[in-house]
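Colleague: If you scroll down you'll find the structure; I have some questions about it.
The values are calculated or read from the model by the stated rules, or taken from the named source; none is laboratory data. The structure displayed is predicted, hence computed values, not measured ones. So basically every Cβ, Gly included, is an ideal-geometry build from the backbone, and we count neighbours across all protein chains shown.
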Amino acid sequence: MKEHENIKVKGLLNIYLGWPLVLSLFLVCANGALLLVNWQSACVMLPFTICYIGFAVWLWLYGRKRVLGGLVEFSAEYAWIQKQLLTDMALPYALADDEGRLVWMNDAFQAVLEREKGSSKHLLNLFPEVTKQDFEVENGAVSVHTSFGNHKYQMDLQPIYVSGTEEEDIQALIGREKLLAIYLFDETEILRCRQEVTDEKMVAGLVYLDNYDEALESVEEVRRSLLTALIDRKINKYIGSMEGVVKKLEKDKYFFTVKQKYMEQIQEERFSILEDVKAVNIGNEMAVTLSIGIGMNGESYAQNYDNARTSIDMALGRGGDQAVVKDGSKIQYYGGKSQQQEKSTRVKARVKAHALRELMETKDHLLIMGHKMSDIDSFGAAIGIYRIATALNKKSHIIINEITSSVEPMMKRFVENPEYPEDLFLTGAQAAELVDSNTMLVVVDVNRPSITDAPELLKMVKTIVVLDHHRQSSEIITNPVLSYVEPYASSACEMVAEVLQYIADGIKIKPAEADAMYAGIVIDTNNFTNQTGVRTFEAAAFLRRCGADVTRVRKMFRDDMEEYRARAATIISAEVYREFFSIGICPADGLASPTIVGAQAANELLEIRGIKASVVFTPYHGAIYVSARSIDDVNVQVMMEKLGGGGHRTIAGAQLKDITVDDAKKQIKEVIDEMLQKGEVS
């Protein structure tokens, strides 16, 4: 490359120095022409022509060398100035070989390394954020954000290709084809200013008292104002300690704002205000619980407030007594240890029932859908909605893609019954052909779109109703026209049984339908031992009056021998981890619905003294189905959410793909360790 440049320079010099010789020829021709006109004038001009020709020849033969010497001297001085400028440049600059060893650096780069005595001369040792892959760049530059000492830098790595050099300071480069030019841009101050701006941003938050009315009713009337004052003081003191502002919106609702720099402290303490308020006791039989929703890092303060409203709705939908933080698109959950108290009033059920009826009356036909691998609670709730639609003279269909062993005995009573239409049960593909502008979709026993039986219908149908008893997660069905999610309910069948009593007068429920709904309550409550309240027994009593037969239901859901053996094998193989957690593996061979057996085994493991939560893994169809159960000390919903699942506080599950059972057990143990460390286990 350098040789070609030298040749190019010599060529330009020959052109410039050759011009006098060319002009000499023109001058000779001019002198000859003048001789033809006037010989005297030609004689006068001849000495000048001879002098010019002699100067041109001298310039070509001798002056050319002097010009080249001057150029060489200038080039040397220019190269020295370039080198000195590079050495004295304020920007840290260095050269490294293709393996990351520093071979040359300027004074500024040396000054950076001298801050840490005994520094290595290898990039991988100096800057841990740099990897070998960064050295493999062929074109352009690679930027790496790193730190050294107390400073933070943006390091740019740019390849340089050379064939050799004669510089004494970098003799080590001879023979290497590729070098790395390293630039360090100190961004410590810029990042500090950015962090300061971020810390000063305002965070919007909402605080709702979950059980304000119920807590007041549990204390003497004369002391109610004291209870309210103590709660107000707790909340104001907590926010005030972080230079925040609190505004009471209603008797049980507050708005607050704090600087974002305090959010790290709040999150590290895991919202201690949740436990502080529950500690307020002036004779009230019921502890007061809070729900907190926070929005931060939105595009504007208005966006933060909208995020806070989304967060508080999610906190309430998950059962209350917890905080939800919506940080941009990321959602984090804190708390949720307490069991949500069942509300004695049925006003909400009546309001939702009337709203559901109004929606049904505007549509021609309904589609009813539960979750994948439907269980008896999902099936019973769908049957209840079918009965409502039939009472309102609306054509309806229930979507079931896969008939599980738990549903099959009950489903036969409808398939083989002439009182019900042949197209009562459809697959998702068949139902999709019936969708039009007058179709309404009712989703029962699930609120996560990814695990519904036919997720594609959610995009096709505009009018969607959600009715579920599971706590909401960050994945929810968007924009439902009507959403009725009550985490305190024992089952979806309990909720549908209440709606049936208010939606219309004189609805007659047939015995088969009452059996299906009653079975849903029995199975989900594990024979009325889990998540039951007064309203659970009232719903069961209503279904008994409608013809539900306890003995018939019990006989229908007895186990066969293979399922019983599989459940026994699960219990035998169970491992007790950290004294309070039981982890088992359910064999799937020879079982029609192994996931159901796994869930039953998880229930039975809870009967062992000292066990606070049970987890059962069931390998099935290339995935591992996880069933988690607890009594009251562990929130298994939070546990399963860490594995990508969800559910209820005491009943939850997840699906793991592309993983072995051993790796799945390792994951659940890590989750348990994390929950114990954070104090999420009572």
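Colleague: From Ala489, Ala429, grab the single residue that is at pLDDT below 95, over 24 Å from the mean Cα position of the chain (by Cα) and in a helix (DSSP H, G or I). Write out each step before concluding.
Modeller: Working: Ala489 fails: in a helix (DSSP H, G or I).
Step by step, each of Ala489, Ala429 is checked, and only Ala429 is at pLDDT below 95, over 24 Å from the mean Cα position of the chain (by Cα) and in a helix (DSSP H, G or I).
Colleague: If we scan region 622-630, do we find a residue that is under 22 Å from Asp524 (Cα atoms) and surrounded by fewer than 20 Cβ atoms within 10 Å (Cβ to Cβ)? Quick ask: steps written out before the conclusion?
Modeller: Within region 622-630, the subset under 22 Å from Asp524 (Cα atoms) is 624-630.
Within this subset, residues satisfying the condition of being surrounded by fewer than 20 Cβ atoms within 10 Å (Cβ to Cβ) are none.
Within region 622-630 (the criterion being under 22 Å from Asp524 (Cα atoms) and surrounded by fewer than 20 Cβ atoms within 10 Å (Cβ to Cβ)), the answer is no, since none of the residues qualifies.
Colleague: Among the residues of region 345-371, write down those that are under 23 Å from Ile523 (Cα atoms) and modelled with pLDDT under 90.
Modeller: If the condition is that a residue be under 23 Å from Ile523 (Cα atoms) and modelled with pLDDT under 90, then Ala349 is the only one that fits.
Colleague: Collect the residues in region 297-334 that are in a loop (DSSP other than H, G, I, E, B) and basic (Lys, Arg), keeping them in residue-number order.
Modeller: Kept after step one, since they are in a loop (DSSP other than H, G, I, E, B), are these residues of region 297-334: 297-300, 318-321, 328-329.
Passing the criteria: only Arg318.
Colleague: Cβ-Cβ distance below 9 Å, separation of 6 or more or different chains: which pairs start in region 483-511 with a residue that is in contact (Cβ under 8 Å) with a residue 12 or more places away in the chain and not assigned by TED's automatic domain parsing to the domain that holds Asn447 and end on one that is in a loop (DSSP other than H, G, I, E, B) and crowded, with 23+ Cβ neighbours inside 10 Å?
Modeller: Correct list of pairs: empty, since none qualify.
Colleague: Name the pairs whose Cβ atoms lie under 7 Å apart, with the first residue in region 135-146 and under 15 Å from Leu95 (Cβ atoms), the second surrounded by 11 or more Cβ atoms within 10 Å (Cβ to Cβ) and small (Gly, Ala, Ser), and 6 or more positions between them or separate chains?
Modeller: The qualifying pairs are Phe135/Gly100.
Colleague: Can you tell me which residue within region 169-191, out of those that are at pLDDT 75 or above and in a helix (DSSP H, G or I), is nearest to the chain's Cα centre (by Cα)?
Modeller: Ranking the qualifying residues of region 169-191, first place goes to Leu191.
Colleague: Out of all the residues in region 635-671, which are under 23 Å from Glu475 (Cα atoms), out of contact with any Asp or Glu (no Cβ under 8 Å at 6 or more places or on another chain) and β-branched (Val, Ile, Thr)?
Modeller: Val636, Ile659, Ile668, Val671
Colleague: Here is a check on your reading of the model: is Tyr208 part of a helix (DSSP H, G or I), touching a helix residue (DSSP H, G or I) at 6+ places or on another chain (Cβ under 8 Å) and surrounded by 15 or more Cβ atoms within 10 Å (Cβ to Cβ)?
Modeller: Here the answer is no, as Tyr208 does not meet what is asked.
Colleague: Another question about this same structure. If you check Leu179, Leu227, Leu216, which single one turns out to be under 30 Å from Ala108 (Cα atoms) and either of a type in the set (S, T, N, Q) or buried (at least 16 other Cβ atoms within 10 Å of the Cβ) (or both)? Don't jump to the end; show me each part of the working.
Modeller: Working: Leu227 fails: under 30 Å from Ala108 (Cα atoms); Leu216 fails: under 30 Å from Ala108 (Cα atoms).
Result: Leu179 is the single residue among Leu179, Leu227, Leu216 that is under 30 Å from Ala108 (Cα atoms) and either of a type in the set (S, T, N, Q) or buried (at least 16 other Cβ atoms within 10 Å of the Cβ) (or both).
Per-residue answers, yes or no, for (1) buried (at least 18 other Cβ atoms within 10 Å of the Cβ); (2) on the phi > 0 side of the Ramachandran plot; (3) in contact (Cβ under 8 Å) with a residue 24 or more places away in the chain:
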site	(1), (2), (3)
Glu187	no, no, yes
Glu196	no, no, no
Met202	no, no, yes
Gly240	no, no, no
Glu243	no, yes, no
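Colleague: Moving to a separate point now. I'd like to know if region 570-591 contains one or more residues that are of a type in the set (Lys, Arg) and at positive phi. Working first, answer last.
Modeller: Narrowing region 570-591 to residues of a type in the set (Lys, Arg): 578.
Add one more test, that the residue is at positive phi, and what stays is 578.
Looking for residues that are of a type in the set (Lys, Arg) and at positive phi, one finds at least one in region 570-591, hence yes.
For (1) in the same structural domain as Glu221 (by TED's automatic domain parsing); (2) under 19 Å from Asp213 (Cβ atoms); (3) out of contact with any Cys (no Cβ under 8 Å at 6 or more places or on another chain); (4) crowded, with 23+ Cβ neighbours inside 10 Å, each residue gets a yes or a no:
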{"position": "Met263", "(1), (2), (3), (4)": "yes, no, yes, no"}
{"position": "Phe271", "(1), (2), (3), (4)": "yes, no, yes, no"}
{"position": "Val280", "(1), (2), (3), (4)": "yes, yes, yes, no"}
{"position": "Asp306", "(1), (2), (3), (4)": "yes, no, yes, no"}
{"position": "Gly320", "(1), (2), (3), (4)": "yes, yes, yes, yes"}
{"position": "Val324", "(1), (2), (3), (4)": "yes, no, yes, yes"}
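Colleague: Mind listing just one residue for me: the one in region 631-643 that is surrounded by fewer than 24 Cβ atoms within 10 Å (Cβ to Cβ) and either over 21 Å from the mean Cα position of the chain (by Cα) or closer than 15 Å to Lys666 by Cα (or both) and, of those, modelled with the lowest pLDDT?
Modeller: Across region 631-643, the extreme among qualifying residues is Asp632.
Colleague: Might you let me know whether region 556-565 holds any residue that is crowded, with 21+ Cβ neighbours inside 10 Å and either out of contact with any helix residue (DSSP H, G or I) (no Cβ under 7 Å at 6 or more places or on another chain) or not acidic (Asp, Glu) (or both)?
Modeller: Scanning region 556-565, I find no residue that is crowded, with 21+ Cβ neighbours inside 10 Å and either out of contact with any helix residue (DSSP H, G or I) (no Cβ under 7 Å at 6 or more places or on another chain) or not acidic (Asp, Glu) (or both), so the answer is no.
Colleague: Ok, one more. Out of all the residues in region 399-444, which are within 19 Å of Leu591 (Cβ to Cβ), without any contact (Cβ under 8 Å) to a residue 40 or more places away in the chain and among the β-branched types (Val, Ile, Thr)?
Modeller: Of everything in region 399-444, those that are within 19 Å of Leu591 (Cβ to Cβ), without any contact (Cβ under 8 Å) to a residue 40 or more places away in the chain and among the β-branched types (Val, Ile, Thr) turn out to be Ile403, Val407.
Colleague: Could you list, in sequence order, the residues of region 452-473 that are touching a Gly at 6+ places or on another chain (Cβ under 9 Å) and surrounded by 15 or more Cβ atoms within 10 Å (Cβ to Cβ)? Write out each step before concluding.
Modeller: Applying the first criterion (touching a Gly at 6+ places or on another chain (Cβ under 9 Å)) to region 452-473 yields 452-457, 470-473.
Once the filter is applied, which keeps residues that are touching a Gly at 6+ places or on another chain (Cβ under 9 Å) and surrounded by 15 or more Cβ atoms within 10 Å (Cβ to Cβ), region 452-473 yields Thr452, Asp453, Ala454, Pro455, Leu457, His470, Arg471, Gln472, Ser473.
Colleague: Do we find a residue being under 25 Å from Glu674 (Cα atoms), part of a helix (DSSP H, G or I) and aliphatic (A, V, I, L, M) anywhere in region 248-270?
Modeller: Scanning region 248-270, I find at least one residue that is under 25 Å from Glu674 (Cα atoms), part of a helix (DSSP H, G or I) and aliphatic (A, V, I, L, M), so the answer is yes.
Colleague: Sticking with this one: Across region 621-636, what is the total count of residues that are in contact with a Phe, Trp or Tyr (Cβ under 9 Å, 6 or more places away or on another chain) and not in a strand (DSSP E or B)?
Modeller: Residues that pass the stated criteria total 1.
Colleague: If I go through region 574-604 residue by residue, how many of them are assigned to a loop (DSSP other than H, G, I, E, B), among the aliphatic types (A, V, I, L, M) and over 12 Å from Tyr620 (Cα atoms)? I'd like the intermediate steps shown before the answer.
Modeller: Filtering region 574-604 for residues assigned to a loop (DSSP other than H, G, I, E, B) gives 574, 578-580, 586-593.
This time we only want the ones that are among the aliphatic types (A, V, I, L, M), so: 574, 588, 591-592.
With the extra rule that they be over 12 Å from Tyr620 (Cα atoms), the set shrinks to 574.
Here the count works out to 1.
Colleague: A follow-up question, please. Tell me the residue from Ser474, Ser450 that is assigned to a loop (DSSP other than H, G, I, E, B) and closer than 25 Å to Ile331 by Cβ, please.
Modeller: The unique qualifying residue is Ser474.
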